[in-house]
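Worksheet for the structure shown next.
The values are calculated or read from the model by the stated rules, or taken from the named source; none is laboratory data. Computed from a predicted structure; not experimentally measured. Cβ placement follows ideal geometry from the backbone for every residue including glycine, while neighbour counts extend to all protein chains displayed. Side chains are part of the model used for accessible areas, which takes the heavy atoms of the whole protein and leaves out ligands, DNA and RNA. Shrake-Rupley method; radii C 1.70, N 1.55, O 1.52, S 1.80 Å.
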Amino acid sequence: MKLATLRNGTRDGQLVVVSRDLDWAMPVPAIAPTLQSALDDWSRISPLLLEAAQQLADGGARGALPFDQKAALAPLPRSYHWADGSAYVNHVELVRKARNADMPPSFWTDPLVYQGGSDDFLAPTADVPVPSEDYGIDLEGELAVITDDVPMLATAGEACGHIKLIMLVNDWSLRNLIPDELAKGFGFYQSKPATSFSPCAITPDELGAAWQGNKVHLPLVSHINGRPFGRPNAGVDMTFDFAQLIAHVTRTRRLGAGAVIGSGTVSNYDRSSGSSCLAETRALEQIAYGRPTTPFLRFGDRVRIEMFGRDGASLFGAIDQQVVAAVARTNGG
């Protein structure tokens, strides 16, 4: 089942069921007006959504309309909770090596996680406003899962049953702001602007055999200005799977329905598949040549992130955005 949220003039948009080929969408206001409301009562609502999806697949759905990805908001335009991990520890190891920093052994056994801003997720085709090119604008191609209610102290075995939907992510980073923020010892804030998500959130069964071990075993494909940038396989070299990440974050707190848990930048030891962020490319250049040569993004640059099934069809739709200069607003708007 594929779900999306279309603009309707409200903050949280209108929930729609989307056909597997991403051609058609059907509003389901009688079932659930928003994705959050569906997640709040998932055990009762999801069978009704699945029935609607089957009607759409059979061509018998009334009110179906062409699915316009440009009209889509993030599947959850805002969430009660957004926590992003760094599950591809080889990526962390590489970046630290480039700046001659030691790699703590605990990083291989204890996941890195930060809590990001969840009140304003970017639509998949919205412009990405940044105040300055000097901030070091970078993409971060990732995946994320959406949970239902997860109790405190959930084990990994229990956590996997709470994974309800999967999305693609661009967890935008402002690299030149990160060092000073981390030096304060309190973590990211200004260096992590609003995060972008794919047009569709899909149930794990949509991935078929590619969903194994609570990982997505498919390449995450990214382009910058229409040129291929990376296609590392998200199921390879993922040190902590999504169930392990959920178990980690529920060690001292529970998760509410609609919590979003990210994988961190998808990265492979085999660098021939490219990268999912410029920081990794620059780290490889630093190690090989003594200095990075690839620039960070500039205003006008366009980033596209997508994932394809083994039949070549787009699974989530595409995050396709242009970086633009942020405009300061007065109290008048």
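Classify the stretch 250-333: rounded, prolate or oblate, from the alpha-carbon gyration tensor (a ≥ b ≥ c, eigenvalue square roots; a/c under 1.5 rounded; otherwise prolate if a/b is larger than b/c)?
Note, shape of the stretch 250-333 comes out rounded.
Short version: what are the Cα gyration tensor semi-axes of the chain, square root of 5 times each eigenvalue, largest first, in whole Å?
Equivalent ellipsoid semi-axes, largest first: 31, 23, 20 Å.
For the chain, calculate the relative contact order in percent as a whole number, restricting contacts to Cα pairs under 8 Å that are 6 or more residues apart.
23
Toward the positive end of the charge dipole of the chain, about the Cα centre and with charges on Cβ (Lys, Arg +1; Asp, Glu -1), which of G264, G300, A52 goes farthest?
Going by the charge dipole, the pick is G300.
Got a sec? Charge dipole of the chain, +1 on Cβ for Lys and Arg, -1 for Asp and Glu; which of V169, N100, C277 is way out at the positive end?
Positive-end residue among those listed: N100.
Using θ = phi - 60° and the Karplus curve 6.51 cos²θ - 1.76 cosθ + 1.60, what whole-Hz ³J(HN,Hα) does each residue of the stretch 144-159 get, with Gly and Pro shown as x?
8, 10, 10, 10, 8, 5, 10, x, 4, 6, 5, 7, 4, x, 6, 4
Ranked highest first by the average count of other Cβ atoms within 10 Å around their residues, in what order do 305-314, 24-33 fall?
24-33, 305-314
Nearest-5 percent of antiparallel DSSP beta bridges in the chain?
90
Identify, among A328, G9, Y114, the residue whose Cα sits farthest towards the positive end of the charge dipole of the chain, taking +1 on the Cβ of Lys and Arg and -1 on the Cβ of Asp and Glu, with the dipole about the Cα centre.
Going by the charge dipole, the pick is A328.
Given 0.36 nm per residue, what is the gain on full extension from E51 to S106 after removing their alpha carbon distance, in nm?
Between E51 and S106, full extension yields an extra 15.2 nm.
Give me the percent of the accessible area of the chain that comes from carbon and sulfur atoms, probe 1.4 Å, all protein chains in place.
50
In square angstrom, what is the accessible area per residue of the stretch 137-205 with a 1.4 angstrom probe?
Spelled out: the 1.4 Å probe surface of the stretch 137-205, per residue, equals 37 Å².
Taking the Cα centre of the chain as origin, work out the dipole magnitude from +1 charges on Lys and Arg Cβ and -1 charges on Asp and Glu Cβ, in debye rounded to 20.
400
For the stretch 4-19, in order, what is each residue's ³J(HN,Hα) by Karplus, 6.51 cos²θ - 1.76 cosθ + 1.60 with θ = phi - 60°, in whole Hz (x at glycine and Pro)?
8, 10, 9, 4, 9, x, 10, 4, 9, x, 10, 5, 9, 8, 10, 5
Just to be sure I understand the rule: take each whole DSSP H helix in the chain, project its Cα atoms onto its long axis, keep it if the span is 15 Å or more and its mean Kyte-Doolittle hydropathy is at least 0.0. Which ones pass?
Passing helices, by number: 42-58, 278-289.
When a/c is below 1.5 the answer is rounded, else prolate if a/b is larger than b/c, else oblate, so apply that to the stretch 127-252 with a ≥ b ≥ c taken from the square roots of the Cα gyration tensor eigenvalues.
Oblate is the answer for the stretch 127-252, as a/c is 1.5 or above yet b/c matches or exceeds a/b.
Between S132 and Y80, how many nm apart are label points set 7 Å from Cα along the C-beta direction?
It works out to 3.8 nm between the two label points.
Per the helix-only calculation at 222 nm, which mean residue ellipticity applies to the chain, given -39500 (n - 2.57) for every DSSP H run of n ≥ 4 and division by its residues, nearest 500 deg cm²/dmol?
Estimated from H runs of four or more residues: -5500 deg cm²/dmol.
Once phi is turned into θ = phi - 60°, what whole-Hz ³J(HN,Hα) does the Karplus curve with 6.51, -1.76 and 1.60 give for every residue of the stretch 107-121, x standing for Gly and Pro?
Whole-Hz 3J(HN,Hα) from phi for the stretch 107-121: 4, 7, 10, 10, x, 8, 9, 10, 9, x, x, 10, 8, 8, 7.
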